[in-house]
Amino acid sequence: MPEEPCQCPDCQRFYREHDRLIRENPTLRQQQELSWAALQSFRTLAGRALEELQKTHGDGEPSLAAAASTPAPAETPEAEAMQQAIADLENINAHLFSIEALMERIFDVRVPEPVEQKFRELAGELAPDPLNADRLRLNRLLHQTPDLPG
């Protein structure tokens with residue numbers, strides 16, 4: 001017996017967004033472009049945040065000359081947390097660059113129109129319009145959920 005989907009607000013928001021993205025981008029090409037745009041926006045924002053934090057808080061690695069001439073001050077928990085966040089953002093950016101390299105391969109794929117049509121058909125099955133009258137009745141009858149998505 002399949003496990004019921006999680007009903008917590010975060011998961012429900014994810015399911016709604018997942019379905020919306022399928023409905024609004026029902027072809028391979030649209031999914032490729034959407035994924036690329038999401039990756040690029042994530043890289044842009046994370047990269048800029050990292051640059052700004054490094055300017056404000058340093059990059060966490062004091063120069064050798066400074067380290068040799070003065071003892072390192074004890075870092076406050078806030079400063080340590082900031083340095084850890086900067087290190088985490090550096091890792092995120094490295095992973096995003098790797099993902100970008102992998103995603104470039106996705107753009108090498110082109111499919112004929114009958115395949116794009118199959119994507120459209122499956123999108124309608126996977127993420128039907130939540131405001132469709134049949135979907136609303138089905139939700140009410142089978143799931144006892146409200147008629148309008150929240």
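Would you mention how many residues in the stretch 89-121 are farther than 16 Å from residue 32 by Cβ and either touching a residue at least 40 places away in the same chain (Cβ under 8 Å) or among the hydroxyl-bearing types (Ser, Thr, Tyr) (or both)?
7
Residue count for the stretch 2-43 under the criterion of being more than 24 Å from residue 117 (Cα to Cα), part of a helix (DSSP H, G or I) and of a type outside the set (A, V, I, L, M, F, W, C): the result is 7. On the stretch given as the stretch 60-87, residues that are surrounded by 12 or more Cβ atoms within 10 Å (Cβ to Cβ), modelled with pLDDT of 90 or more and not small (Gly, Ala, Ser) total 4.
Within the stretch 1-51, the set of residues being of a type in the set (Asp, Glu) and surrounded by fewer than 15 Cβ atoms within 10 Å (Cβ to Cβ) comprises 3, 4, 10, 17, 24, 33, 51. For the stretch 96-112, filtering for residues that are over 18 Å from residue 22 (Cα atoms) and in a helix (DSSP H, G or I) leaves 10.
The values are calculated or read from the model by the stated rules, or taken from the named source; none is laboratory data. None of the values given here were measured: they were computed from a predicted structure. Cβ atoms come from the backbone with ideal geometry, glycine included; neighbour counts cover every protein chain shown.
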